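Everything below concerns the one structure shown next.
Where a number appears in this text, it was derived from the coordinates with a stated rule and is not lab data. If you're wondering where the values come from, they're calculated on a predicted model, not measured in any experiment. In this analysis, Cβ positions are derived from the backbone assuming ideal geometry, glycine residues included, and neighbour counts consider all displayed protein chains.
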Amino acid sequence: MRNKSTGREKDRKLRGAGIVAMLVAAFLFAPPLANDAYAFKIFGITLFGDEEETVEVIDPVRYDVTLETGDADKDLKERLENAASLVTDEKQPISGDLGVIIKAREDRDRLIAVLYEEARYGGTVHISVDGTDIDSLPPNPTFNHAAPVPVTVRIAPGPVFKLGSVRFEGDAVGRDPAKYDLVPGGKAGSRLILKAGEQLLVDLKDEGRPLAKLTERQVTADHRTNTIDVVLGAVGGPMAPFGAVAVKGSRTVDAAFISRYSRLDRGGRYSPEQLKKANDRLRELGVFSSVTIREADRLAPNGSLPLTIEVSEGKHRYFGFGAEYSSIDGIGLEGYWGHRNLFGEAESLRIEGKVSGIGATTDLGTYDYSAGIIFTKPGAFVPEATFESRLEAKSETPDAYEAQSITYSASIAYELNERDKLTGGGEVAWINTDDAFGKNQYLTVSLPVGFERDARDNKLDPTEGYHATLAAKPSYELLDGTVFSSFEGSISGYLGFGEENGIVLAGRLAAGTLVGADDLESIPATRRFFAGGGGSVRGYAYREISPYNSADEPTGGRSYTLGSFEVRVKVSESIGIVPFIDVGTVSTGIMPDFSDIRAGAGIGVRYATPFGPLRLDVAIPLQRYDGGSQYGIYAGIGQAF
């Protein structure tokens with residue numbers, strides 16, 4: 001049992017709190033907003049408060065609205081109230097008397113649409129202004145402004161209609177309406193019928209028919225039986241492959257590379273899904289501000305479908321910096337410069353540097369430093385391959401060890417298909433360490449290989465699917481002639497429940513082992529296994545979980561097992577609550593012996609943004625080390641796993 005802690009450990013118990021402090025500082029030192037409006041924005045997103053500006057209304061007219069919803073149930077009444085802008089905007093004046101009429105007519109259309117969506121095809125909406133129906137008012141009405149203009153909205157919802165007969169015509173004949181949720185006697189809302197037509201068109205195009213179109217969408221209401229008869233017709237058109245690919249808008253990015261990297265120039269069968277993937281693939285290059293793939297409205301003489309990729313190039317050079325502060329860790333500074341299109345085919349070069357721990361101590365040797373140069377070439381040799389070359393120098397001082405290293409690596413990542421990817425390459429590393437085994441130097445040559453399958457529906461906020469990785473890193477230590485290899489694997493799974501996946505169960509398992517070498521000392525500390533921190537067992541300090549020797553010094557281990565489980569609950573459109581528990585163990589044997597299992601539990605908050613959820617987790621260790629961390633705070637973008 002660990003029973004003491006070093007001064008360096010005490011200085012780093014709150015690693016990760018710097019991001020939180022940065023957010024708080026951004027709020028405290030933000031400039032005041034005018035008009036007594038208070039808001040907190042970060043990354044251009046308002047997290048809370050009101051940032052609306054006052055808009056001057058010409059010839060303002062105020063009104064008083066009365067909404068009568070008849071025998072509508074609670075849910076329908078709420079939908080009608082939310083759809084009526086006369087109700088939601090009642091406190092805001094309208095420009096001119098005609099503006100009142102225009103708003104009323106727009107509301108009538110919206111309210112009728114809501115009734116149709118709820119299969120109330122016999123419902124009626126009557127709106128009167130100052131006692132007169134809006135259809136009976138003159139083109140330029142004038143109202144008495146001595147008091148707010150009275151507006152009355154009367155809604156008679158009518159009965160709920162059911163589906164009667166359903167008939168498919170044209171190239172849709174033979175398809176089962178039930179697969180499109182059109183079942184006689186079932187739900188008949190207008191949105192359901194529109195969705196069925198859209199899905200019918202999608203299915204035809206998925207068969208490789210680019211010219212498919214709906215020819216008929218007929219809906220007939222029988223008010224005697226309160227049923228709806230539906231007729232949907234479609235023409236599929238011929239099946240066709242992708243044809244010639246033209247590129248427009250490229251200036252410095254080679255047009256031939258764009259066409260080749262899209263993988264649409266191979267003449268495969270037409271597929272909307274392939275178009276979407278090509279669009280996403282080009283966007284992910286980072287060199288374009290917009291990408292649009294347009295289909296021709298007719299086939300070429302050879303029966304193929306011509307395509308045009310329209311791009312707008314963004315800025316290729318960029319630079320930036322970041323800063324964080326913690327009363328424990330001090331100040332961290334980061335800077336980087338990059339180029340996204342070095343030689344005309346979206347090659348990227350990034351130079352970055354970081355120093356942290358400034359001010360936490362007066363000893364410069366306890367700061368963490370890193371610097372790196374990364375070159376990436378997408379579409380290397382073939383469009384599916386990406387080459388990366390990386391040179392990094394680091395000086396690390398976690399509680400478990402001190403290490404200085406210089407590493408050069410080169411690798412190729414090859415996409416086997418839309419889900420699977422293989423990576424392989426070489427690495428040379430010089431490492432100087434000071435740890436439980438004293439001071440040692442290592443010079444290692446490694447051949448890392450890996451496999452990844454990504455079947456998640458969303459990388460930053462998955463609600464279904466799974467993500468699995470396998471990695472091996474055979475290595476040879478040149479100074480002592482030691483051969484050792486690491487093997488690691490992980491799998492994460494996601495299962496959503498409820499409307500719009502309001503509850504998501506997420507779990508992750510990971511394990512690793514080191515084989516070879518006569519003893520742990522022969523393996524660099526940076527290659528041994530530790531656990532603890534935001535990426536493994538939250539609540540513990542970074543790399544705090546480890547086997548310890550008789551002097552109570554962390555040695556790292558040859559094997560580990562980790563498990564995490566989260567319940568991700570949406571409490572609103574933008575806010576989520578996530579209780580979680582993490583469990584982990586690190587052992588000196590090549591197989592975990594589970595003699596020392598550590599667990600951390602806590603709760604997190606998620607705030608939805610267009611680029612993924614902002615994450616803030618607070619965790620405590622359930623089996624705390626003597627003198628070890630008492631809690632951990634973690635922040636980032638995207639889910640924890």
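For the chain, the antiparallel share of DSSP beta bridges with both residues in that region comes to about 90%.
Only helices enter this figure: runs of n ≥ 4 DSSP H residues, each worth -39500 (n - 2.57), summed and divided by the residues of the chain, yield -4500 deg cm²/dmol at 222 nm to the nearest 500. Of the GluC sites (Glu not before Pro) in the stretch 198-262, not one is in a loop by DSSP (not H, G, I, E or B) with at most 12 other beta carbons within 10 Å. Run down the aspartates and glutamates and flag those whose C-alpha is under 14 Å from the C-alpha of K74, throwing out any fewer than 8 positions away in its chain. Here the aspartates and glutamates satisfying the reach criterion relative to K74 are E118.
Rounded to the nearest Hz, the phi-derived 3J(HN,Hα) couplings of the stretch 387-398 under the Karplus curve 6.51 cos²θ - 1.76 cosθ + 1.60 (θ = phi - 60°) are 9, 9, 10, 9, 10, 9, 10, 9, 10, 10, 9, x, where x marks glycine and proline. The Rg/Rh ratio of the stretch 280-407, with Rg taken over Cα atoms and Rh as the Kirkwood radius over Cα pairs, comes to 1.20. Within the straight-line cut-off of under 18 Å between alpha carbons, the aspartates and glutamates reachable from K205 are E169, D171, D176, E216, E273, E295, D297, sequence neighbours fewer than 8 places apart in one chain being disregarded. Considering only the other residues whose Cβ falls under 10 Å of the Cβ of D254, what net charge follows from Lys and Arg at +1 and Asp and Glu at -1? My count for the surroundings of D254 gives 0. Just to confirm a number: summing +1 for Lys and Arg and -1 for Asp and Glu over residues other than G314 whose beta-carbon lies under 12 angstrom from that of G314, what do you get? Surrounding charge for G314 is +4.
In which sequence would F451, F484, F319 go, from the one with the fewest C-beta neighbours within 10 Å to the one with the most?
Placing the least packed residue first, the sequence is F319, F451, F484.
Exceedance of the 23 Å cut-off in Cα-Cα distance is limited, within the set K187/K277; K248/K315; K277/K421, to K187/K277.
Projecting the Cα atoms of P378, S190, G496 onto the charge dipole of the chain, computed from C-beta unit charges around the Cα centre, puts P378 farthest toward the positive end.
With an 8 Å Cα cut-off and a minimum separation of 6 or more residues, compute the relative contact order for the chain in percent.
Working: 1511 pairs, mean separation 57.6, N = 641.
Answer for the chain is 9 percent.
Hydrodynamic estimate: the Kirkwood radius of the chain over Cα pairs, inserted into Stokes-Einstein at 4 °C and 1.567 mPa s, corresponds to D of 43 µm²/s.
Using the number of other C-beta atoms within 10 angstrom as an exposure proxy, rank K179, K394 with the fewest first.
Lowest to highest Cβ neighbour count: K179, K394.
Once divided by 2.2 N^0.38 Å, the Cα radius of gyration of the stretch 355-510 becomes 1.32.
Dividing the convex hull volume of the alpha carbon atoms of the stretch 225-274 by its residue count gives 142 Å³ per residue.
With a sphere of radius 13 Å drawn around the Cβ of Y466, what net charge do the other residues whose Cβ falls strictly inside it have (Lys, Arg +1; Asp, Glu -1)?
Overall, the nearby charge balance is 0.
Suppose the Debye formula is applied to equal point scatterers at every Cα of the stretch 441-595; what is log10 I(q)/I(0) at q = 0.09, 0.14, 0.18 Å⁻¹? Scattering profile of the stretch 441-595, log10 relative to I(0): -0.37, -0.78, -1.09. By other beta-carbon atoms within 10 Å, ranking F387, F321, F242 with the fewest at the front produces F321, F387, F242.
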